[in-house]
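Below: the structure, in structure tokens.
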Number of protein chains: 2
Amino acid sequence: MFSLILLIAATVLLYYSRTESAIYAAIGFSLYGYIATDKLIPRVGPSFIKIGLFGKDMSKPGKPVLPETIGAVAALVYIMIMFFCIPFIFFRYMVIETQGGGQRESTIELLNNDQLKTFFPHNKLSEYLSSILCLESTIIIGICDDLFDLRWRHKFPLPAIAAIPLLLVYYVDFGVTYVLVPTIVKDCLFHGKKLINLGVFYYLYMASMAIFCPNSINILAGVNGLEVGQSIVLAMLALINDTLYLTMGIPTARDSHRFSAILIIPFLGVSLALFKWNKWPAKVFVGDTYCYFAGMVFAVVGILGHFSKTMLLLFIPQILNFIYSCPQLFKIVPCPRHRLPKFNETDGLLYTSRANLKEEPPKKWFIPILKLLNKLKLIDVEYHPKDGSIVSCSNMTLINLTLVWFGPMREDQLCNTILLLQFMVGILALIGRHAIGSIIFGHDNLWTIR
Amino acid sequence: MFSLILLIAATVLLYYSRTESAIYAAIGFSLYGYIATDKLIPRVGPSFIKIGLFGKDMSKPGKPVLPETIGAVAALVYIMIMFFCIPFIFFRYMVIETQGGGQRESTIELLNNDQLKTFFPHNKLSEYLSSILCLESTIIIGICDDLFDLRWRHKFPLPAIAAIPLLLVYYVDFGVTYVLVPTIVKDCLFHGKKLINLGVFYYLYMASMAIFCPNSINILAGVNGLEVGQSIVLAMLALINDTLYLTMGIPTARDSHRFSAILIIPFLGVSLALFKWNKWPAKVFVGDTYCYFAGMVFAVVGILGHFSKTMLLLFIPQILNFIYSCPQLFKIVPCPRHRLPKFNETDGLLYTSRANLKEEPPKKWFIPILKLLNKLKLIDVEYHPKDGSIVSCSNMTLINLTLVWFGPMREDQLCNTILLLQFMVGILALIGRHAIGSIIFGHDNLWTIR
């Protein structure tokens with residue numbers, strides 16, 4: 001019944017997308033995507049288990065076996081609806097404003113502005129196609145990782161290769177490699193120049209963004225619903241930013257934010273359906289495929305939408321999680337193989353998991369820092385009751401830190417707490433971006449021409 | 001050592017591709033693709049077996065276990081080299097003919113012909129991107145089929161969905177839905193009109209081509225090296241046709257055949273490496289992934305290169321194989337689960353496999369046809385020595401037919417015989433296309449303007 005209402009709503013939206021904005025089509029297909037993902041997941045789950053794609057849920061009594069890599073279903077539904085979406089997005093160019101069949105006359109004959117408008121926007125189509133291409137390549141990388149457990153050094157550069165078509169289209173369509181310099185810095189260092197050209201480094205920066213975003217979502221994981229939940233929060237934050245630009249922004253910024261909304265709204269649709277099945281108590285696991293895919297959606301939007309720096313601001317929780325993990329990642333503090341919170345079967349709550357510092361002590365110079373972090377409530381250090389030496393510390397992940405701050409809790413509470421923190425940090429980042437941004441840079445592109 | 005020579009040759013070709021044709025880049029990357037595929041296959045084979053992707057080679061003593069789906073390696077290497085290939089193909093537009101960074105000025109300022117040439121060919125980029133997108137989607141369909149053994153009714157429409165971006169780009173860029181009418185027919189039926197517009201049916205025709213090509217390669221399979229071998233023969237035939245157009249064709253036809261060559265040459269590279277491992281005695285199986293992928297390469301080239309009808313001529317052996325199989329596919333004659341030739345361990349030769357017509361007799365009306373086919377040497381029917389009733393017949397596949405014609409032979413001989421037949425039919429088809437085509441249609445686009 002609920003599905004039927006959604007289906008009708010989606011169809012109505014698609015009908016109006018012909019004359020109204022392409023965003024209507026994106027919302028319509030988002031509803032289709034929700035329904036398709038929601039119906040497909042329970043049907044394909046057993047097949048995934050049959051071919052060995054399953055995992056044990058360690059934070060449940062009895063450690064039930066759940067299908068793994070189900071995020072691939074959501075990701076592939078997304079790709080499919082984006083295919084169907086293309087004609088609706090470009091409808092006005094194909095049928096209304098040209099004589100049908102797109103514009104095929106030689107460009108030489110066209111001289112006035114009105115006629116130029118009827119040109120089919122091949123560059124927009126290239127952007128759109130390269131985005132889907134990049135996402136599809138990322139899905140393949142994710143599937144390979146889920147199937148074969150690729151080694152870090154092998155899979156690390158792969159997202160950057162997946163992003164090649166994207167960077168090429170960026171080069172051809174925009175080629176903007178200038179960045180704004182904060183007003184204070186420019187007076188001291190750059191002889192008053194407002195823009196500096198990063199050139200090829202800007203492409204390296206974008207390639208590293210394509211590597212960072214997918215991996216950062218993959219690292220903040222391990223609690224039912226957290227991978228999808230954080231992606232949904234990110235999508236909502238990005239959409240809030242897009243809405244700001246589309247309703248009150250300057251016209252030149254609207255195009256890229258419409259593009260961003262068209263990519264993110266269907267993503268939100270399939271993710272919500274996946275969340276329904278992955279939230280506590282999880283019926284399925286999402287797998288690396290979904291994490292890579294979700295991260296790349298934001299990387300793509302940030303790169304081709306020209307707000308990669310704003311996008312990175314939304315990733316602050318993920319960045320903090322990475323920085324916080326560094327002492328263990330670089331073996332300054334011993335890192336156990338699994339750092340997920342520990343499940344206590346008697347009260348059903350999750351407790352911080354701990355690194356044993358008795359057997360493997362941390363680097364000497366880091367001990368004062370550990371003690372300081374403990375004072376600041378940024379870690380939980382356990383001291384020996386007699387000699388006062390360090391026995392253990394909580395593992396350095398945002399998940400464990402949340403447990404240090406708010407005490408043991410049930411898995412769904414933990415997930416919701418982290419998501420709420422993430423959302424608040426994101427909102428603050430957006431406010432900071434638009435309020436403080438205009439102070440530092442002298443202007444903000446929400447209101448003045450960038 | 002051999003690899004080193006190839007590497008150097010590839011690099012030299014890439015260097016010259018900057019100033020010469022983009023085909024140099026395609027040949028260069030084809031060599032890279034050959035080396036990468038050749039080195040990767042033996043490394044990843046054990047991982048495929050470990051996750052359950054393996055099959056038994058039924059036509060060998062002891063039925064050895066071989067990794068399955070290895071064609072996915074070749075296909076993914078192809079996608080990766082096509083990514084790297086993009087900048088080389090569009091190099092002249094990005095760097096030489098514009099001031100770097102592509103052309104970004106407003107189109108209104110450009111009025112003369114020379115300046116228009118410096119436009120970046122966004123439509124060509126769209127074609128290229130949509131082709132890779134379509135191929136990548138086909139690879140995902142293939143991988144899903146290899147992993148989950150999709151049902152026929154589910155997987156049948158999927159290649160058409162993968163082809164959506166392709167058809168859209170065709171619509172936008174060309175939108176040509178006219179077909180030439182043979183001179184004789186036009187006088188009788190179409191009041192002397194030389195062209196008839198198929199409209200939307202032309203798109204249905206192209207979509208069915210996207211379904212037919214992948215499946216037709218998948219059906220003519222089951223002998224070591226045959227899937228890859230027939231794809232290599234098809235690639236060579238298509239390249240011969242491209243060479244004809246590129247060397248002596250009219251200028252308007254050159255663009256699409258350059259495009260075709262750029263897609264097929266790297267495909268030939270990865271396929272040759274795969275053939276090295278899949279040929280008798282096979283070390284790996286290619287899986288459905290490769291069959292779908294290879295078929296789609298030809299569908300893409302045929303559709304966007306505007307010679308889908310010529311391309312279908314090259315598929316005559318596959319079409320004949322399908323027609324020949326129909327009586328068994330539609331259960332007019334009983335169809336055993338496997339129709340592969342039977343391996344005889346004592347002499348190491350393959351014999352025709354047979355359908356038992358004693359237990360399950362064929363439809364009555366088909367018996368005279370069976371007897372006629374037997375007379376024509378198009379099938380081998382076994383009669384009961386006493387009552388003259390039909391006991392069995394050879395299975396209706398091109399592979400079994402070859403064995404009926406030339407007698408039992410070793411697997412590699414069988415494969416080579418079929419490939420040779422296929423090559424000869426293809427050459428005849430090309431000759432027919434250009435010689436007889438000009439008689440039927442009044443002209444041939446190799447020599448006159450189409």
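The values are calculated or read from the model by the stated rules, or taken from the named source; none is laboratory data. Because the structure is a prediction, the values reported are computed rather than measured. Please note: Cβ atoms are built from the backbone with ideal geometry, for glycine as well, and neighbour counts cover all protein chains shown.
General remarks:
- Residue within segment A:242-255 that is touching a Ser or Thr at 6+ places or on another chain (Cβ under 7 Å) and within 18 Å of A:I35 (Cβ to Cβ) present: no
- Lone qualifier among A:V77, A:V65 - being at pLDDT 90 or above and surrounded by fewer than 14 Cβ atoms within 10 Å (Cβ to Cβ): A:V65
- Qualifying residue in segment A:204-211 (condition: part of a loop (DSSP other than H, G, I, E, B) and at pLDDT 90 or above): no
- Per the listing A:I86, A:I132, A:I70, A:I108, the residue uniquely buried (at least 23 other Cβ atoms within 10 Å of the Cβ) and either at the interface with chain B (Cβ under 9 Å from one of its Cβ atoms) or at pLDDT below 60 (or both) is A:I132.
- Test: residue in segment A:56-63 that is over 19 Å from A:D146 (Cβ atoms) and aliphatic (A, V, I, L, M): no
Residues are listed down the side, and each one gets a yes or a no for (1) without any contact (Cβ under 8 Å) to a residue 40 or more places away in the chain; (2) facing another protein chain (nearest Cβ under 8 Å); (3) of a type outside the set (D, E, K, R):
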position	(1), (2), (3)
A:I139	no, yes, yes
A:L158	yes, no, yes
A:A163	no, no, yes
A:D173	no, yes, no
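- Residue satisfying all of: in segment B:218-230; in contact with a Phe, Trp or Tyr (Cβ under 8 Å, 6 or more places away or on another chain) and in a helix (DSSP H, G or I); nearest to B:A160 (Cα to Cα) among these: B:N218
- Selected residue [in contact with a Leu (Cβ under 7 Å, 6 or more places away or on another chain), more than 24 Å from B:F259 (Cβ to Cβ) and of a type in the set (G, A, S)] from B:G45, B:G28, B:G55: B:G55
- Which listed residue, of A:H154, A:H122, is modelled with pLDDT under 95 and at the interface with chain B (Cβ under 10 Å from one of its Cβ atoms): A:H122
- Residue in segment B:265-285 that is assigned by TED's automatic domain parsing to the domain that holds B:V228 and over 27 Å from B:E68 (Cβ atoms) present: yes
Quick grid of which residues meet (1) closer than 27 Å to A:P64 by Cβ; (2) at pLDDT below 85; (3) in the same structural domain as A:A75 (by TED's automatic domain parsing):
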| position | (1), (2), (3) |
| --- | --- |
| A:Y16 | no, yes, yes |
| A:I27 | no, no, yes |
| A:G33 | no, no, yes |
| A:K39 | yes, no, yes |
| A:R43 | yes, no, yes |
| A:S47 | yes, no, yes |
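- Criterion: in a helix (DSSP H, G or I) and more than 20 Å from A:Y78 (Cβ to Cβ) - qualifying residue of A:L239, A:L263, A:L234, A:L246: A:L246
- Among the residues making up segment B:67-86, those that are over 16 Å from B:F293 (Cα atoms) and either without any contact (Cβ under 8 Å) to a residue 60 or more places away in the chain or in contact with a strand residue (DSSP E or B) (Cβ under 6 Å, 6 or more places away or on another chain) (or both) are B:P67, B:F83, B:F84, B:I86.
- A single member of A:A26, A:A36 is away from every other protein chain (no Cβ under 14 Å), farther than 18 Å from A:D149 by Cβ and among the aliphatic types (A, V, I, L, M), and it is A:A26.
- Test for B:G55: is it touching a residue at least 40 places away in the same chain (Cβ under 8 Å) and within 14 Å of another protein chain (Cβ to nearest Cβ): no
- Selection from segment B:152-163 of residues that are in contact with a helix residue (DSSP H, G or I) (Cβ under 8 Å, 6 or more places away or on another chain) and in a helix (DSSP H, G or I): B:K155, B:L158, B:P159, B:A160, B:I161, B:A162
- Filter result (out of contact with any helix residue (DSSP H, G or I) (no Cβ under 6 Å at 6 or more places or on another chain) and not aliphatic (A, V, I, L, M)) within segment A:422-438: A:G432, A:H434, A:G437, A:S438
- Identity of the residue in segment B:410-420, crowded, with 17+ Cβ neighbours inside 10 Å and out of contact with any helix residue (DSSP H, G or I) (no Cβ under 7 Å at 6 or more places or on another chain), that ends up nearest to B:E360 (Cα to Cα): B:E411
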